[in-house]
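First comes the structure, then the notes that go with it.
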Amino acid sequence: MNNQLTSQPRGKVLWLLFYHFFKIALFVVGGGYAILLAAEEIFVKRLHWLKEGELMDMLAIIQTIPGLLAGNAAIYVGYRAAGRIGALVALTGVALPSFLVITFVAMGFSYIPMNNGYIQGAFVGVRTALAGLMLVTLIRMWNKTVHDWIQYLIVLACFIGVVFLRWNPGLLLIGAMALGILYCMGICDKLPESAGIGDGEKEVNRK
Amino acid sequence: MMLYLSMFLIFVYFGAICFGGGSSLMPFYIDILVEKYHWLTLHELGDFVAISQVTPGPIGVNLATFLGYRQGGIAGGLLCTVGLLLPSWILMTLGVKSLDKWENSRFVRSLMYGVKPATMGLIAAAFIAYLEISLFSDRIPWDYCLEILKLHLVPYEGAFALRWDMLPIFLFSCWALYRNKLSIMGVIFLSAGLGALFHAVF
């Protein structure tokens with residue numbers, strides 16, 4: 001544990017955790033990765049609660065644990081600062097602004113005149129942009145995730161399974177996990193390079 | 001009461017299978033919330049995702065609150081948000097001490113070997129679902145495509161068509177995002193404006 005932390009009373013640590021994560025989540029638009037960068041700015045560079053680069057090193061690991069990137073980052077920082085309760089406080093801080101803002105937005109949502117042609121046009125435009133965003137995400141992720149023919153087959157099987165056969169995506173995901181374990185720990189004894197979870201992502205993110 | 005319990009449990013399930021951030025949940029939202037339980041239409045899901053992207057905070061939390069509110073008011077929004085975050089809080093606090101071992105564990109690396117491409121395939125499927133409510137006017141008629149492939153040349157009678165006015169928006173947003181010319185928020189607002197404008201013109 002860090003010096004800056006042990007010298008402070010626990011109540012103050014919890015309050016700072018809540019305050020900073022609340023502020024980040026209230027003002028940072030753009031989702032998980034933007035929030036992670038803002039958290040690093042405050043907790044690593046300003047408060048020195050974590051070591052330089054620690055949060056970014058954790059990124060690869062955080063991504064292998066189920067959950068939202070921002071949520072997992074908040075849990076990690078909170079846990080390092082004040083244990084299990086700290087994790088809960090940080091998580092509450094990061095989720096509360098969204099909850100409040102979105103509840104207000106959702107209350108107002110039903111007043112939007114959805115029959116209006118311009119508004120329909122605007123929403124179709126936005127959905128089109130989101131389709132573009134998904135395509136770009138896929139292209140960006142491709143080189144980091146798919147390395148050999150078995151992984152090609154998994155991509156193809158999940159795609160065909162959902163689009164044409166209407167299989168349950170959850171079962172497909174579990175099947176892929178089982179296949180990964182069977183293949184990497186059973187059939188081929190040596191782990192292929194591609195199974196690494198960092199895969200140079202850290203270098204990219206450092207820049 | 002049962003409704004709230006099932007909402008909570010559905011989002012606990014989402015939280016437990018959410019590998020690699022909120023966007024990997026999209027295929028599950030489509031499969032479970034749209035197709036199985038009919039909470040909302042695919043169009044509405046698309047609108048909610050767009051609003052979640054341009055409001056502050058984690059997109060996954062925004063979306064969970066939105067979906068929960070839509071289904072069960074303020075309490076619903078709260079339950080879905082808590083449900084989504086609960087599994088990661090439990091798993092992270094259990095595992096955070098041994099995270100260094102976790103990274104190099106053979107088991108985890110083997111698991112991710114399968115999970116990563118599966119996520120790719122599932123997001124690609126969600127991408128198709130999105131195309132069908134944006135660039136295309138209806139679901140892609142796969143049966144008809146199959147007939148054509150079998151050389152049964154029958155004229156097509158259905159609602160499927162390409163929306164030509166959306167093609168420039170699609171190509172522009174792909175280009176701008178891939179080349180990092182604009183932020184996601186900028187692209188979304190611009191596309192909303194262009195969509196409304198094209199509606200006025202065409």
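The values are calculated or read from the model by the stated rules, or taken from the named source; none is laboratory data. What you are looking at is a predicted structure, and each value in this text was computed from that prediction instead of being measured. Backbone-built Cβ (ideal geometry, glycine too); neighbour counts: all protein chains shown.
Observations on the model:
- Selection within the stretch A:50-81 - more than 7 Å from every other protein chain (Cβ to nearest Cβ), crowded, with 24+ Cβ neighbours inside 10 Å and more than 16 Å from B:G60 (Cα to Cα): A:V77, A:G78, A:A81
- Among (1) touching a Pro at 6+ places or on another chain (Cβ under 8 Å); (2) surrounded by fewer than 21 Cβ atoms within 10 Å (Cβ to Cβ) - the single one A:I35 does not satisfy: (2)
- Screening B:A129 on (1) part of a helix (DSSP H, G or I); (2) assigned by TED's automatic domain parsing to the domain that holds B:G195; (3) of a type outside the set (K, R) shows it passes everything except condition (2).
- A single entry from B:T65, B:T81, B:T55, B:T93 fulfils the requirement of being in contact with a strand residue (DSSP E or B) (Cβ under 9 Å, 6 or more places away or on another chain), of a type outside the set (D, E, K, R), over 29 Å from A:L165 (Cβ atoms) and at the interface with chain A (Cβ under 9 Å from one of its Cβ atoms): B:T55.
- Matching residues in the stretch A:105-132 - criterion: being touching a Ser or Thr at 6+ places or on another chain (Cβ under 9 Å) and either surrounded by fewer than 16 Cβ atoms within 10 Å (Cβ to Cβ) or charged (D, E, K, R) (or both): A:R127
- At least 1 residues being more than 17 Å from the chain's Cα centre (by Cα) is the threshold, and among the helices (runs of 4 or more DSSP H) wholly inside the stretch A:1-108 those reaching it are A:3-6, A:10-27.
- Filter result for the condition that a residue is surrounded by fewer than 20 Cβ atoms within 10 Å (Cβ to Cβ) and either touching a Cys at 6+ places or on another chain (Cβ under 8 Å) or under 26 Å from A:G132 (Cα atoms) (or both), over B:V34, B:V61: B:V34
- Only one of B:S191, B:S183, B:S173 that is among the hydroxyl-bearing types (S, T, Y) and surrounded by fewer than 21 Cβ atoms within 10 Å (Cβ to Cβ): B:S183
- Residue match in the stretch A:146-153 (condition: free of Cβ contacts under 8 Å to residues at least 60 places away in the same chain, outside any helix (DSSP H, G or I), surrounded by fewer than 16 Cβ atoms within 10 Å (Cβ to Cβ) and of a type in the set (V, I, T)): no
- Against the test of being closer than 25 Å to A:Y183 by Cβ, crowded, with 17+ Cβ neighbours inside 10 Å, outside the structural domain of B:I188 (by TED's automatic domain parsing) and over 18 Å from the mean Cα position of the chain (by Cα), the options B:M120, B:M112 yield a single qualifying residue, B:M112.
- In the set (1) in the same structural domain as B:A192 (by TED's automatic domain parsing); (2) touching a Ser or Thr at 6+ places or on another chain (Cβ under 7 Å); (3) not β-branched (V, I, T), the condition left unmet by B:W142 is number (2).
- If you go through the stretch A:30-49 and keep only what is of a type outside the set (G, A, S) and facing another protein chain (nearest Cβ under 7 Å), you end up with just A:I35.
- Residues that are surrounded by 21 or more Cβ atoms within 10 Å (Cβ to Cβ) and within 10 Å of chain B (Cβ to nearest Cβ) within the stretch A:91-104 comprise A:L91, A:V94, A:A95, A:P97, A:S98, A:F99, A:I102, listed in sequence order.
- Output for the stretch B:36-52, where each listed residue is farther than 21 Å from A:A122 by Cα and either of a type in the set (A, V, I, L, M, F, W, C) or within 8 Å of chain A (Cβ to nearest Cβ) (or both): B:W39
- Search result, residues across the stretch A:23-60 that are of a type in the set (D, E, K, R), without any contact (Cβ under 8 Å) to a residue 12 or more places away in the chain and under 16 Å from A:A90 (Cα atoms): A:K23, A:E41
Table: residues versus (1) within 25 Å of A:M56 (Cβ to Cβ); (2) at pLDDT below 85; (3) at the interface with another protein chain (Cβ under 7 Å from one of its Cβ atoms).
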{"residue": "B:R109", "(1), (2), (3)": "yes, yes, yes"}
{"residue": "B:F136", "(1), (2), (3)": "no, no, no"}
{"residue": "B:R139", "(1), (2), (3)": "no, yes, no"}
{"residue": "B:C174", "(1), (2), (3)": "no, no, yes"}
{"residue": "B:L194", "(1), (2), (3)": "no, no, yes"}
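- The C-beta contact set for the stretch A:92-112 (first residue in contact (Cβ under 8 Å) with a residue 24 or more places away in the chain, second residue outside any helix (DSSP H, G or I) and surrounded by 23 or more Cβ atoms within 10 Å (Cβ to Cβ), distance under 6 angstrom, 6+ apart or interchain) comprises A:P97/B:G57; A:S98/B:G57.
Residue-wise test of (1) on the phi > 0 side of the Ramachandran plot; (2) in a helix (DSSP H, G or I); (3) out of contact with any Gly (no Cβ under 6 Å at 6 or more places or on another chain); (4) without any contact (Cβ under 8 Å) to a residue 24 or more places away in the chain.
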site: B:F8; (1), (2), (3), (4): no, yes, no, no
site: B:F19; (1), (2), (3), (4): no, no, yes, no
site: B:P27; (1), (2), (3), (4): no, yes, yes, no
site: B:F48; (1), (2), (3), (4): no, yes, yes, yes
